[in-house]
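Each remark here refers to the structure printed beneath this line.
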Amino acid sequence: MTDKRKFIGKKFGAIHRSRELAVQFLCSIDLCPEQDFSESLELFLNLDGIAKDDAPAVKERCRTIALEVWRRKNEIDGVLLRTVTGWRPDRMVSVDRTILRLMVLEGFLMKSLPVKSAITEAVTLAGDFGTKESSRFVSGVMYRVAKYFEAVQE
């Protein structure tokens, strides 16, 4: 493997890891919304917890995307309400809802990664953290979101 491929693999591995941490944190805050968001995030990232051995850049990216999802939660949920029939965000499994919020933000609202990559990453995260039905559900929702944004841009 060339040095360039090793670097790219490490870079994308770090980005994926920051998303994993963001999903875990956002699920915890979603289930206990009375927690102070900023204080809880700092505790999550800096105590002897799950993120204790992660690089500062991974923690910073997690912090940034988690905060942006939290700030834009109503906007993201509005997209989900317009695209998913019969499944209001508050009725979705917390992990699925969190993954969808994160990847709708990154793939469609911020456009920080290509749509196909956002869908793939959403399905991967759902497989890692969700129920056995999560990957299929998240995939279907992400494709509906993609169609919605295609139609809006036309």
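All of the numbers you see were taken from the coordinates with simple rules; none came from a lab. Values in this document were obtained by computation on a predicted structure and should not be read as measured data. Glycine gets a Cβ as well: all are built from the backbone with ideal geometry, and neighbour counts include every protein chain shown.
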So what's segment 69-154 giving for Rg/Rh, alpha carbon basis, Kirkwood Rh from the mean inverse pair distance? 0.92
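Roughly how compact is the chain, stated as its Cα Rg over 2.2 N^0.38 Å to two decimals? Show your work: numbers first, answer last.
Working: Rg = 15.5 Å, N = 154, 2.2 N^0.38 = 14.9 Å.
In units of the 2.2 N^0.38 Å rule of thumb, it is 1.04.
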For the pair D53/S94, report the inter-label distance in nm, with labels modelled 7 Å from Cα in the Cβ direction. 2.6
Across segment 85-131, how large is the tail of the calculated P(r) beyond 12 Å, expressed as a percent of all Cα pairs? 59
Under the helix-only model (-39500 (n - 2.57) for each DSSP H run of 4 or more, divided by the residues of the chain), the mean residue ellipticity at 222 nm, to 500 deg cm²/dmol, is -24000 deg cm²/dmol
Cβ-based charge dipole, the chain, positive-most Cα from A55, P33, F137: F137
At 20 °C and a viscosity of 1.002 mPa s, what translational diffusion coefficient does Stokes-Einstein give for segment 52-111, taking Rh as the Kirkwood radius over Cα pairs? Give it in µm²/s as a whole number. 174
